[in-house]
Each structure stands twice: as C-alpha cells, then as structure tokens.
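Everything below concerns the one structure shown next.
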Amino acid sequence: MTPSQLESPAEPAFVEGLSPRFPVRYRRTCFAVFLMSACILMLELVLTRIFSVKLYYHYAFMVISLALLGSGASGVVVYLFPKFFSRARLAKQLFGTCCLFAISVPLVLVIVLRLDFQLDFTLRQLWRIVLLYGVPSIPFFLGGLCLTLAMTHLAENIAQVYSFDLAGAACGCLLVIPLLNVLGGPQAMLAIATFGAGAAWLLLPAGSPKAVYLVPFAAVVPLLVSFALGPDNSNLKIHYVKGRNEGEALFTKWNSSSRITVVQVNRDRKNTWIIMDGDAGTLLPNFNGDIGSWRFLQGRVSSLAYHLKPSSRTLIVGPGGGIDILTALTFGNRNITGVEINAITVNDVMRGRFKDFTGGLYFRPEVQIHVDEGRSFIRRAAQKYGVIQATLVDTWAATAAGAFALTENNLYTVEAFKDYFAKLEDDGILTFTRWNLDPPQQDLRLVSLTRAAMTEMGLSQPEQSMIVVRESRQHEAVECNFLFKKSGFTDEEVRTVEAISRANNFEILYSPLTRPDNPFTRLVTTTDPGQFYRDYAYDVAPPRDNSPFFFHTVRLSQLWGSLFLPWESRKTNVGLLVLFLVFLAALVLVFLFILFPLLWFRSGVFAGKEHGRSLGYFICLGLGFILIEMTLVQKFILFLGRPVYALSIVLFSTLLSSGLGSFVSAKLPKERLLRTISAVCLLIAAATLAYLALLPFFLYRFVALGTASKALLAVAFLAPLGFVMGMPMPLGIGWLRQTVPALVPWAWGLNGAASVLGSILTMMIAVNFGFNQALIVAAGLYITATLFLFDDPMSRASRREVRKIA
C-alpha cells in the first residue's frame, strides 16, 4: 500500500506486488479490524463468566491474561516469520485468520463445557488447568494474529487502523451485556463466532471461488442449530460445575453477572435452593401464605435484631429467596424493603416461575423489592431505618468485570459502614451475619469495621454498642450474628438477647454484660486496635474502598499456608496465592512464547539502541494503560451500582475516546516526534494524578443520580483521559517505522505481553496496597516511558530535551 492510497481510505487499497485478484480493500479491512477487536473483547468477558460458573472465581481472572498473551504471541510470530507473513499474502491471511477464529470458538466451547475441575493442586489437576487455559488461548491467538497483520502491513496509517481497533473493543463492551442477558454464556460464544464470520466475509479476497464464500458459514451453523434445539439443548450445558456434576435443574438462566439455577434436593420441596454460579445458595421457601407456620425462623441466630425491634422500618440487603423477609414478617413487621442485585432472582424466580411456590412473597403489600446494589441504594435512600440487615451476602462469582471485582466487597468497607450508620435511626440496629471459623476472621472483621467507622463518625463507647453471638459449634463454619446499635444497647436489651441465645443454645462471643476472654472482647475493648491487628494471626484490619478485599484475611507470609486452611477459609483466601501463581505462569509464558523466540531466532534483536528503547517504551505503555483501565473499572463499581455496568461504561468510554485520540494523533507534527511523544506521555501521567484527586469528589457527589445520568457523566468524565491515552501507541509505532520498521509486529507483541503482566499486577498492588497506589504506579510508568525515547538519558542533550518538555 502506498502512502497516497492510505491518504484516501475511501478508495480500495491494494498491497504492493499483489495480484489484482486479491486486493486489500482498506475500508473493509478497517471494519474487519473493528469486528475482530469487538469479538476478542467479548470472548474474553464471556469466558470470564463461564469460567466463574465452572471454576472457582479466582481462576476466571486468568482469562484476561490469556487474551492479552494471545495478542502478544501473535505479534512475535509475525515478526519471526516475515517472509511467510508478507504483504503479498496479506489478503488471504486476513481472511484465513478470521475464518479460523470463527470456527475455533465453537470447538473451544465444547471442550470448556465438558472438562472437569477440582480446587486442588495434584499433577492431574494441574494438567487439566493447563488444558483448560491452553485450549481457549487458540482463538485469542488467531484474533490477535489478524489484528497484528493489519497493524503491521497498514502501519503507514496506523493511527486510523488502531482507532478502529479501540472503537471495536469499546462497542464490544456494550454488546456483551445484552448478549449474555439474552443468550446466556454458551450461546453468546456462538454469537461471537458469527461476528467473527462477519469479519471474514468483509475480507473475502476479490475473485475468490464461490466455494470460499461458504467457509465462514461453518461458524454460523452452531448458533443456528442451538436456536433450533431450544434452551434445553444438552450440548450447551455445563457438565461439571465446581468439580461436580450438577444434575438436573428446575430452572436455569444466565445474565451478565451470574448464572442462576433452582435445584431441589431429593425432590424435597422444603429443600429447594437458588444457586448462583454453582456455589452460593439461598433457600427458596415453599410458602403457602401462612406466616404462623414459619415462626420457627425466630430461633435463627440472624433474627436477633427483630426480637429487639420487631416492627421497625427494615432494610434487607440481599434477600435472595426471601428467608430474611419471611423472618421479619413473623415478627409482625409491616414495612420491609429488600434490595437484591440479581434481576433473575427477583423477576424470573421470585416474581416469575416460582411465584406460586413462594406464595407471592415478593408481591406482598408489606414488602418492597428493588433490583439494585445495596450500598448504592442506601446512599440514595431518603428515609432512615430501624433495622438494616445483611445475612451471608456473598456470591464468590466473577462478573464480566473480572474475578476480583466482587460486588459484595463494596458492602464491607469502612466507608460502607459509615453509610449504614448514617441511614440508621438514632436507636437503629445494624445486623450482619457472617461465618464464624476458628480462629475467627470474617465476623471479627465486622467488629474492626465498626470500630473504625465509629471513630471517624465521632461515635463513642464501642463496648456498649456491639453484640456478637454465634450458633453452637457443630460444623467447621457456623453462622455468627453481629449487632450494632447506634445509641448503645441498654442492659434490658442485652439481657433479652442473652436469654434468647441461651434458649436456642447460641454462644455469646461478646456483649456489654458478657465479655469472655476471646478475640472479640479484646478488639471491642482495646484502646489500640492497630496493635491488635498487628498481633492477630490473620489480617482483620478494616478494609476501605481503596482496597475493598474483605474476604481476604491471610498475610503475604501466609500465602502458601492458605492451601491448608479449612474449606470455608481456603475458598476465600486462596485467591491471592492463585494470583501470584498466575503472575509467575504469565512470566514463564511471556518468556516462552515472546522473549525466547526473539532471543533464539533473532539474536540481534536487542543489539541496537533503538531496540532497547523500543523494549522499555512499549512495556511501559502496556503496563500503564492496563493499570489505569482496570483501576478505573473497580473505582466506578460503587458509583454505577454493578460491576458489569462499571466494566462496560468505563471500558467503552476509555477505549472509544482512546480510538479518537489515536485518530487525531495522525495530525500531530512529525518533525519532532520524540518531543511530541514525550509531551503526550507526561500529559497522561499528570492527568492520571489529577483524576486520582478528583475521583473521590466525583464518585460521591453524583452517586444519588439515576443510572442513566451517572453513565453519561462517567463517559464524559473519563473521555479526556482516554483521549490522550490513545496517542502514545500509534505515535510510538510511527517512531519505530522511522528507526527500525521490522520491529513493528514485535513492538505490538511486547505491548501485549506487558499488558498480560499488568492485568495481574494491578490486582496484586490493589490487594496489598490499594487502587490509588495502582494509579500512582501507572503515572510513574508513563513518566518512565519518556526516558526510553533518547539514546542516552544521562547525556547533556537528552537532559536538556527533557527539561524543555517538562
């Protein structure tokens, strides 16, 4: 392709030296890049959803690494075999890679659905992990190969092509939500294959035999067959969920944040459960309208608050199947508000198919149900409540936003508890139920959260304001109820709770009148909570919105030991160990598939100064971009109410505006290219730090607005940062074309490799230090990138150039 042809993209462009029979039509190629980029991002998010159901949520995070590693490896392959991936073969290879991508997706789906998995580290299981992650990497490699070929051979117009790439990814963020909501995980993957086939049709070489036109159709057939067979198609069923055969379900439905099933154990109507992602369950009561027959619920440890305030205005966070609502009704409560985040549970189960089974519990006049995120609802609520209740609110589900973006984390932070306290009546009670283990972790952390929130709100006498009661120890994990009263419990109220506890064989872990020698008493009464946290066996310090990992209680020194914890504790704590192992595995994969081939087959790749500068520059870009992107997704979860909204809107805004920035970067002056790139990188660093300062005001100031208004504000707020973030990559490719053109595909692959590590590094920084710190690191990476743009950073000329830019 000649530069003059690239300046007129409306006209068909032809690869130099290529037969006219196979033209590379520029406009169609750009739209194919758009579609393929959307497919790759949608596949990444849909696989995250499927892996969260099939595996434990920790492992779903690896899908992001797979996607980015595929892109990186494809870049290296193109670099290593330039003769095979020549411009003369571009048209056929673009068409072929799109076809192979579209055909591979249904094949990968079949394998993923049928593989078994257990949460252990035996050699057999490690092989299954390799297979489970190795097979899905194939379509990511093929999709990345298509994009790399386009970027390499259309490098003269990289700004426009890269803008189509980013815009496609942005639109994929929005499209994946309706795909999952309407089709569910497996069928959504088949739909992605169809989009891939659409990209192949756009790239059909001119003059191809008619039979070639049928090749992409092979990827469309599975979706058509799935529609013909209907929703009960066993071929699209996940055969093993969390290592066990799930059996027959009474009801199954997917959405973008979960897979909900209703199962009945041994066909017992009294043992019917709503199951989210194959693990987190809530009992579905077979209620016939007779409240009196359910008074036995008053003997549950989670009902203690109602014995003190039976008829107060009540807010229940995460009511699920309605047991907590039914409990409140047995006490005569006539003003109950429930906030449930999962629309399927409310609309399809409780108000839909199982309406009669549950006696219309969610239609009762005393009950008002809202589909919303609990904390977001509380912040907007105008009234105050006598009781705010949350019982075992957890899902262990990875949303499309990634495995470590759990909705429940935002319910268990110091800032969240301050929100709850603010919406309690003066004598209101906050009651949370968590699992009690030996030694205590989650329930003890509720005490630490309360102490921190009370201190910051100027509330005194914590020893009079808390009661902790657990069930009798019959299992490894038993329910433990934590109660906080804003005005402090009276002696009469404490005696009432203690009497009910004795009658039901509960154990009092702490009350103002009963103070056993245990960690709860020591934490409630200590004058130095910080010293208690340092001395305690687990990390029970109060988490904050900056690092909202409530369920993670092991310290760095205890990571390997998390494998040997009791099951309930291991399930929540092994995630960070998995994250470190994934990081190490990613390092090995990056070396094997990206760095080793370059060193082995192109031993002189790092010989020149330009090569070394390319290495540092594109690594910094990959790390910095992904750190900012993933951190912003997490930051906006609370603001937008749901992880999937945060994912879609944040990525849509940043990617689309980055695409626009990439397009505009072609208009920037090329005379002093290094100076331009440095100025842009420094501007991104400054903007990142400015956003760090502005985010708290923005997120808290407008949180009470409606979802649509908040979404528009988020897009507008993030667009300026995304705009400048889209410039360094195409500008860097342009700089590379002026110095070492052959390294363009390698630079693309290296950027992808850095993104692989950056996606994991983001969460490692956040868990151990916080998301704010991740943004600071990202700003530092963009500053560091400018240092790789000069031959000798210590030379007088380079220092003078840097001073001019600064």
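The values are calculated or read from the model by the stated rules, or taken from the named source; none is laboratory data. Computed from a predicted model, the values in this text were never measured in an experiment. Ideal geometry is used to build each Cβ from the backbone, glycine not excepted, and the neighbour counts take in all protein chains shown. Just the protein is used for accessible areas: all its heavy atoms, side chains included, with ligands, DNA and RNA removed. Shrake-Rupley method; radii C 1.70, N 1.55, O 1.52, S 1.80 Å.
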Quiz prompt | Given (1) modelled with pLDDT under 75; (2) assigned to a helix (DSSP H, G or I); (3) small (Gly, Ala, Ser), index of the condition SER648 fails | solution = (1)
Exercise. Just name the residue that is most open to solvent (accessible area, probe 1.4 Å) out of those in region 426-479 that are under 22 Å from SER562 (Cα atoms) and hydrophobic (A, V, I, L, M, F, W, C).
Key: TRP435
Self-check item: Criterion violated by PHE580 - all others in (1) part of a helix (DSSP H, G or I); (2) open to solvent by 20 Å² or more (accessible area, probe 1.4 Å); (3) modelled with pLDDT under 75 satisfied
Solution: (3)
Practice problem: Just need a number here: residues in region 337-386 that are open to solvent by 10 Å² or more (accessible area, probe 1.4 Å) and in a helix (DSSP H, G or I). | Solution: 10
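Among LEU660, LEU651, which is the only one that is more than 30 Å from ARG375 (Cα to Cα) and open to solvent by 10 Å² or more (accessible area, probe 1.4 Å)?
Details: LEU651 fails: more than 30 Å from ARG375 (Cα to Cα).
After applying the criteria, what remains is LEU660.
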Practice problem: Please name all residue pairs, on different chains or six or more residues apart, with Cβ atoms under 7 Å, provided the first residue is in region 708-730 and is outside any helix (DSSP H, G or I) and the second residue is of a type in the set (A, V, I, L, M, F, W, C). | Solution: GLY726/LEU166; GLY726/LEU660; MET727/VAL680
Exercise. Test PHE81 against the stated conditions and say whether it is within 21 Å of PHE141 (Cβ to Cβ), of a type in the set (Phe, Trp, Tyr) and either touching a His at 6+ places or on another chain (Cβ under 7 Å) or modelled with pLDDT of 80 or more (or both).
Key: yes
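Across region 634-643, what is the total count of residues that are closer than 21 Å to ASN181 by Cβ and open to solvent by 10 Å² or more (accessible area, probe 1.4 Å)? Explain how you work it out, then say what you get.
Initial filter on region 634-643 (closer than 21 Å to ASN181 by Cβ): 636-637, 640-643.
Then keep just the ones that are open to solvent by 10 Å² or more (accessible area, probe 1.4 Å); that gives 642.
Here the count works out to 1.
Okay, residues lined up against (1) charged (D, E, K, R); (2) touching a Gly at 6+ places or on another chain (Cβ under 9 Å); (3) open to solvent by less than 60 Å² (accessible area, probe 1.4 Å):
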residue: LYS667; (1), (2), (3): yes, no, no
residue: ALA687; (1), (2), (3): no, no, yes
residue: TYR700; (1), (2), (3): no, no, no
residue: VAL724; (1), (2), (3): no, yes, yes
residue: PRO728; (1), (2), (3): no, yes, yes
residue: ILE733; (1), (2), (3): no, no, yes
residue: ASN751; (1), (2), (3): no, yes, yes
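Just checking, which of GLY292, GLY281 is modelled with pLDDT under 95, open to solvent by 30 Å² or more (accessible area, probe 1.4 Å), touching a strand residue (DSSP E or B) at 6+ places or on another chain (Cβ under 6 Å) and of a type in the set (Gly, Ala, Ser)? Write out each step before concluding.
On the way: GLY292 fails: touching a strand residue (DSSP E or B) at 6+ places or on another chain (Cβ under 6 Å).
It is GLY281.
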Self-check item: Identity of the residue in region 537-576, among the acidic types (Asp, Glu) and within 16 Å of ALA766 (Cβ to Cβ), that ends up modelled with the lowest pLDDT
Solution: ASP545
Quiz item: Which numbered condition trips up TYR56, out of (1) open to solvent by 10 Å² or more (accessible area, probe 1.4 Å); (2) at pLDDT 85 or above; (3) touching a Phe, Trp or Tyr at 6+ places or on another chain (Cβ under 8 Å)?
Solution: (2)
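Among the residues of region 247-258, is there at least one that is modelled with pLDDT of 75 or more, among the charged types (D, E, K, R), crowded, with 16+ Cβ neighbours inside 10 Å and under 30 Å from PRO643 (Cα atoms)? Full working, then the answer.
Step one: list which residues in region 247-258 are modelled with pLDDT of 75 or more, which gives 248-258.
Then drop every residue that is not among the charged types (D, E, K, R), which leaves 248, 253.
With crowded, with 16+ Cβ neighbours inside 10 Å added as a condition, the list becomes 253.
After this cut, where a residue has to be under 30 Å from PRO643 (Cα atoms) as well, the list is 253.
Checking region 247-258: at least one residue is modelled with pLDDT of 75 or more, among the charged types (D, E, K, R), crowded, with 16+ Cβ neighbours inside 10 Å and under 30 Å from PRO643 (Cα atoms).
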Practice problem: Starting from region 490-504, take each residue that is closer than 13 Å to GLN464 by Cβ and list its partners that are assigned to a helix (DSSP H, G or I), counting only C-beta distances under 8 angstrom and pairs at least six apart or across chains. | Solution: GLU493/LEU308
Practice problem: Could you give me the residue pairs with C-beta distances under 7 Å whose first residue belongs to region 515-533 and is basic (Lys, Arg), whose second residue is surrounded by 15 or more Cβ atoms within 10 Å (Cβ to Cβ) wherever it lies, and which are 6+ apart or on separate chains? | Solution: ARG515/THR521; ARG522/PHE532
Self-check item: Selection status of LEU523, surrounded by 22 or more Cβ atoms within 10 Å (Cβ to Cβ) and touching a Phe, Trp or Tyr at 6+ places or on another chain (Cβ under 8 Å)
Solution: yes
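Okay, residues lined up against (1) at pLDDT below 90; (2) outside any helix (DSSP H, G or I); (3) more than 23 Å from the chain's Cα centre (by Cα):
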residue: ASP120; (1), (2), (3): yes, yes, yes
residue: TRP127; (1), (2), (3): yes, no, yes
residue: TYR133; (1), (2), (3): yes, no, no
residue: LEU174; (1), (2), (3): yes, no, no
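Can you find even one residue in region 792-804 that is modelled with pLDDT of 75 or more and either over 19 Å from the mean Cα position of the chain (by Cα) or in a helix (DSSP H, G or I) (or both)? Walk me through how you get there before you give the answer.
Here is the first cut: in region 792-804, the ones modelled with pLDDT of 75 or more are none.
Looking for residues that are modelled with pLDDT of 75 or more and either over 19 Å from the mean Cα position of the chain (by Cα) or in a helix (DSSP H, G or I) (or both), one finds none in region 792-804, hence no.
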Quiz item: Could you say whether any residue in region 288-311 is in contact (Cβ under 8 Å) with a residue 60 or more places away in the chain, closer than 20 Å to VAL263 by Cα, more than 27 Å from the chain's Cα centre (by Cα) and assigned to a loop (DSSP other than H, G, I, E, B)?
Solution: yes
Quiz item: How many of the residues in region 555-577 are open to solvent by 50 Å² or more (accessible area, probe 1.4 Å), closer than 17 Å to PHE769 by Cβ and assigned to a helix (DSSP H, G or I)?
Solution: 2
Quiz prompt | Subset of region 526-548 (residues that are surrounded by fewer than 21 Cβ atoms within 10 Å (Cβ to Cβ) and more than 20 Å from MET454 (Cβ to Cβ)) | solution = ARG534, ASP535, ALA537, ASP539
Exercise. Please work out which residue is modelled with the lowest pLDDT, limiting yourself to region 296-336 and to residues that are open to solvent by less than 10 Å² (accessible area, probe 1.4 Å) and among the polar types (S, T, N, Q).
Key: ASN333
